[in-house]
Structures are given as C-alpha cells and as structure tokens.
1. Name the single residue that is surrounded by the fewest Cβ atoms within 10 Å (Cβ to Cβ) among those in the range 111-131 being out of contact with any helix residue (DSSP H, G or I) (no Cβ under 8 Å at 6 or more places or on another chain) and of a type in the set (Lys, Arg).
2. Quick one: in the range 414-442, which of the residues that are in contact with an Asp or Glu (Cβ under 6 Å, 6 or more places away or on another chain) and crowded, with 20+ Cβ neighbours inside 10 Å is modelled with the lowest pLDDT?
3. Check off (1) at pLDDT 90 or above; (2) part of a loop (DSSP other than H, G, I, E, B); (3) crowded, with 20+ Cβ neighbours inside 10 Å for Leu239 and give me the number that stays unchecked.
4. Out of (1) part of a helix (DSSP H, G or I); (2) without any contact (Cβ under 8 Å) to a residue 60 or more places away in the chain, what's the single condition that is false for Ala210?
5. Taking only pairs six or more apart or across chains, which ones have beta-carbon atoms under 6 Å, a first residue in the range 318-346 that is free of Cβ contacts under 8 Å to residues at least 60 places away in the same chain, and a second residue that is surrounded by fewer than 13 Cβ atoms within 10 Å (Cβ to Cβ)?
6. Which number in (1) part of a loop (DSSP other than H, G, I, E, B); (2) more than 13 Å from the ligand (Cβ to nearest atom); (3) within 18 Å of the chain's Cα centre (by Cα) marks the one condition that Thr336 misses?
7. Among Gly319, Gly254, Gly301, which is surrounded by 22 or more Cβ atoms within 10 Å (Cβ to Cβ), assigned by TED's automatic domain parsing to the domain that holds Leu120, of a type outside the set (S, T, N, Q) and under 30 Å from Leu118 (Cβ atoms)?
8. Looking at (1) part of a strand (DSSP E or B); (2) aliphatic (A, V, I, L, M); (3) within 13 Å of the ligand (Cβ to nearest atom), can you tell me which one Val252 breaks?
Amino acid sequence: MNVYISATLRNFFGRNAKVSVTASTVRGVLDFLIDEYPESKKIIFDESGEIRDFIKIYIGDEDNTSSDKWDRAIPQDTEVLLLPAIAGGAPNDSIISDERRKEVSFDDSEVERFGKHLLLREIGVKGQKRIKAAKVVIAGAGALGSAVIQYLAAAGVGTIKVVDFDEVFLENLQNQVIHTTRDLKRPKVASARDTVRNINRSIIFEAENARLDSENIIDIISGYDLVIDCTDNYKARYLINDACAFCAIPLVFGAIYQYEGQVGIFNLNGGPCYRCAFPAPPPAGLVPTCSEGGAISPLPGIIGSIQANEALKLIIGIGEHLDGKLLVVDSLYLHTRIINIEKDSKCPLCGEHPTITGVQEFDYDDFCGLKENQEEAAIEGFTPEELAKRIEDQDSITIVDVREPHERAILRFPNAIVIPIGQLVRRMNELNPDQDTIFICKQGQRSILAINTLREAGYTGPLYNLKGGLDAMKDIVFSHEGAWL
Ligand SMILES: [Zn+2]
C-alpha cells in the first residue's frame, strides 16, 4: 500500500510524498517506516514512545491515530495518510508569540465581527488574538495590495502599515479595487487608508507615503512580524527580500504578469530567500513589466487573496504553507503547480559565504540594470516637447516604434515605422544613417535597449531615445483617440 507523507514531515522521509509500504496494520506501517527511515522515529514518537500530539494517521478518511486501532487489518487498496494535526493550531509554528497573544482582548462587537473565524476550530479565539496582535507591512497599494490590504483589514490584523509613493491614476482602476474614481490623483496610501477605515475602524493603519529604498527600508520594516511584497518591479523585490533577511522577518511574495501569477514565502526561519529562487532579474527592458505587459483584472485579486491567506496561516500557525515553495497559477488555462525552492548554499545573501552584507552596501540599480552605464549615458534623448516640435517643424527624422502589437492597438503613434526589438539588427538597413532616428516605447526603457542593440551591431547613424516614452508624451500631443492634435 501507499503511505502519503504530508509536506511538513517529508524531510524525515527522504523528501518523499509517497512511500510504498508492505504491511497489514497501522502498527506494521509505522514499524516499516521507522525501519526504512530511522530519522522519522523522533518526529512520530516522543521520548516515552507515545505518538506525538500533532501527528495524525488516517486510513482513507478515517482517523486511526489512537493506538487501540493499530492492530486492525488495513484493506490493501486504501491509502494511509501521515499528517500533522491542524486541530487547535500548532502554537510553535505561529510567528506571533503566546505572550503577545495573551495581551490581546476582544470587545463584544469584535466577537460578533469575527464570529466566522471563531467558529473555525483551527482559528478560534486564540488564533483571532494572534491576528489582532500581528503587525504586518504591505509594500505596494496597487493591484496585489488592493486584495491583501482589504482582506487582512477585514480579517482583523491589528496593525497594517502600507508603503507606496504613487498616486491613483485612471488606468489603475481596472484592477486596483481598493481605489475608486473619486480617489484619482490622491496618494494611494490615503485612498487605501479611507477604504480600510470603512472596513474596520479599530485596526491601526499606518500610511507610509514613500518609495522604498536602501536608506529607509530597514526603519520601515523593523519591529514588524511579516512583510508582504505587492510591488511590481525587480529592484523593489530584491530590496525587500534582502531587508527581510537582515531583519529576520518572513516575506510573503506575490507577482503577476498578464494571466500568470506567483506566490511564495521566503526568509522563514532560515528557509530559502527570493535570491535562492531567482538569483538575478532579467536584463532591464527585455521583459515588459506588469504595467507594460498588462494583466487580466481579477488576477491580482486571485494572487493577492492567496498571499493574504498565506499571511494569516503564518500568523495563526496552521496548515501547510508555501515556505520553500513557489505556487504558479495560470489563470488562462486554470493550471496551478507548486515547485520546490531549495535553499542555495551559494546564495550571496543567505548562503554559507554571503557577500551581501547590508542593503546600503548593495547597488540595486546596477544589479537590476537600471543604472546608466557609460554606453547608456551617451544615449541622447528627446523630451516629449522636443520630439513634438521636430514633428511639427516637419524635420527629416525617422521614428521607430519598438512596442508590442497590443500596445500599439491602444495608442497608435502616427508616422512611426514599427520594428520589434528582436528584428532590429536584421532590419537595420531600413534606417537612414544620415538622418536622426528616434526610438519610442511605453516608458523609455525598451527604447534604450533598442539603441544599445543597434550600436552593438555596428550601426553608426545618430540614435535618440524618447525620454519617459509615450507615457510622458501622450498627455501633450494626443487626443483620446490617439490621433495627432
Ligand atoms: Zn538565499
């Protein structure tokens, strides 16, 4: 028969999820497992030989944990499950200490408000007190943050700090459901604070209207129990990961792109970090960001809700979570898979010989390819106003649009020739080296990559970048239909 080993116990069973066992009783199964995996004895039994409190043995869906059932014959076609108990929680696994839980009390309205949690055996009063005692930092009040902030506020997390530097724009409202039309141009943290107040006035909401950087991040996250990464760029991801490792704060990571999302937990009790999973970001400009590539509206709700769910499980200390794993969700074909993330002994942050010693000593711009190196510094750019003037004066210039087809469908740039970055070198002869050539993209990053690509290929004509891309230009030269004014 097969014995299914719950993920939290697999380290003691050679990391196997399933073990094939020859036995006819539960006692026989346990003897077989301990023979085969001697290490497992100490996790199954305590010093006096009794089965440990948090271990459950199921045959099919029948609880056979009690030793008076161990000599019954097991039907050979059933599966035996070895699970950690979830009833009553596992206080040692919670990131909130018993001392802090005991300091918390509820009033009558809270008992009513959180009744559905109190009904759950695994949460109950103790779990809800841990939730109230918890102090969580949410980095980003955008798409993922909208789901995470609202669910954690509704769940009763006692202290929520939200960090974001941005304002609410019209394009945000497609998936940033914490903000509404009347919040346009307001700071996102202010809009998020108002929504949270409407959900639950009794929680402490701390608005941090700032961009996370290596100077401020340690101060911002120190003293908190958990950080939830809801940002949308690689620089912030690595910075948050590293700061969490230095402060020994676990991190719930989430990311979305088009139809796909990822969730993982890093830096939990010395477990793997984000760098163990992804040692380096893709080169700047090569992969469009979520804001350039788009995302289907409910996707951040799905991924953010899973992040909030993982956060609550860590706080309460129940269930299995994504520590050392990455959940990948494909919302277009409804595929999900969980891949294992091993701790990398060579990781420059959490490995055996770390080379990153502090966030202030590490150059995140350089690491993420955001720093203008000497070649890039030599790239000259036009401001939107300068380009508009050249077009108005009918100068002989070539404008090359390197955006993707779906981006051009939203906003067409007239008089531009279209060459995707991948075809640039092959189609170099379409450009006139005696004429100024201006590259345009959405945000002015991929156009820099295009210019560098052409230069490396030996193109010698004058090349210019549209600074800030079409995002910076559309307000001054386009009508709503995308036509020239
Ligand atoms: Zn690491």
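1. Only one residue fits best here, namely Lys116.
2. Across the range 414-442, the extreme among qualifying residues is Lys442.
3. With (1) at pLDDT 90 or above; (2) part of a loop (DSSP other than H, G, I, E, B); (3) crowded, with 20+ Cβ neighbours inside 10 Å applied to Leu239, the lone miss is (2).
4. (1)
5. Ser345/Glu352
6. Result: Thr336 fails condition (1) only.
7. Criteria check complete, one pass: Gly254.
8. If we test Val252 against (1) part of a strand (DSSP E or B); (2) aliphatic (A, V, I, L, M); (3) within 13 Å of the ligand (Cβ to nearest atom), just (3) comes out false.
The values are calculated or read from the model by the stated rules, or taken from the named source; none is laboratory data. In this text the structure is predicted, and so the values were computed from the model without any measurement. Here Cβ is always computed from backbone atoms with ideal geometry, including for glycine, and neighbour counts include all displayed protein chains.
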